[in-house]
Amino acid sequence: MLEPRALADRIAEILDSKGAEDIQIIEVGHLTSIADFFVVASGRNVQFVHTLADDLEERLAEEDILPRRKEGKNGARWIVLDYAHVIVHIFHPEERQYYNIERLWQDGTNDEHFEGGN
């Protein structure tokens, strides 16, 4: 199993390679015990949000990394994949703007925009 930071980076790389938008890695371990990192990304529409989540799950499963829980796949406007130390949030743009979880979890030291190839 990858270390939490390496897993967050790997998740961001996979999402970027699939065309996810505005990928952010947020370190939250010093703020909560639920995870060390959040990876937050957006898909252009509901179908794409669902596709991003499916592709991420598939790619990580090939590396024997499976989510403990997953939520939101039915509506596909905000899908959460829980990989223990890293929780992935894949949003439809409207939900991301509305909930703005980045603002809730930032403390001024922990926000990082992923600079991928997309």
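A short reminder: the numbers here are calculations on the coordinates, not readings from a lab. All of these numbers come straight from a predicted model, not from anything done at the bench. Please note: Cβ atoms are built from the backbone with ideal geometry, for glycine as well, and neighbour counts cover all protein chains shown.
Quick one: putting +1 on the C-beta of Lys and Arg, -1 on the C-beta of Asp and Glu, what dipole do you get for the chain around its Cα centre, in Debye to the nearest 20?
Values: 12 positive and 24 negative charges, 91 e Å.
Using Cβ point charges on Lys, Arg, Asp and Glu, the chain gives about 440 debye.
So, R0 is 35 Å and r is the distance between the beta-carbons of Tyr98 and Glu3; what FRET efficiency does that work out to, to 0.05?
Values: r = 33 Å, r/R0 = 0.93.
For Tyr98 and Glu3, the calculated efficiency is 0.60.
Within segment 1-108, which trypsin sites (Lys or Arg not before Pro) sit in a loop by DSSP and count at most 12 neighbouring Cβ atoms inside 10 Å? Could the numbers behind the result be given before it?
Values: sites: Arg5, Arg10, Lys18, Arg44, Arg59, Arg68, Arg69, Lys70, Lys73, Arg77, Arg96, Arg103; in loops: Lys18, Arg44, Arg68, Lys73, Arg77.
Sites meeting the loop and neighbour criteria: Arg68.
Could you work out the relative contact order of the chain, using alpha carbon pairs under 8 angstrom and six or more residues apart, expressed as a whole percent?
30
Which label belongs to the value computed from this structure, given these candidates for volume of the Cα convex hull per residue in Å³: [x] 94; [y] 170; [z] 86?
Given [x] 94; [y] 170; [z] 86, the calculated one carries the label [x].
Using DSSP loop states and a limit of at most 12 other Cβ atoms within 10 Å to flag GluC sites (Glu not before Pro), what is the longest stretch of the chain containing no flagged site?
On the way: sites that count: Glu63, Glu115.
The answer is 1-62.
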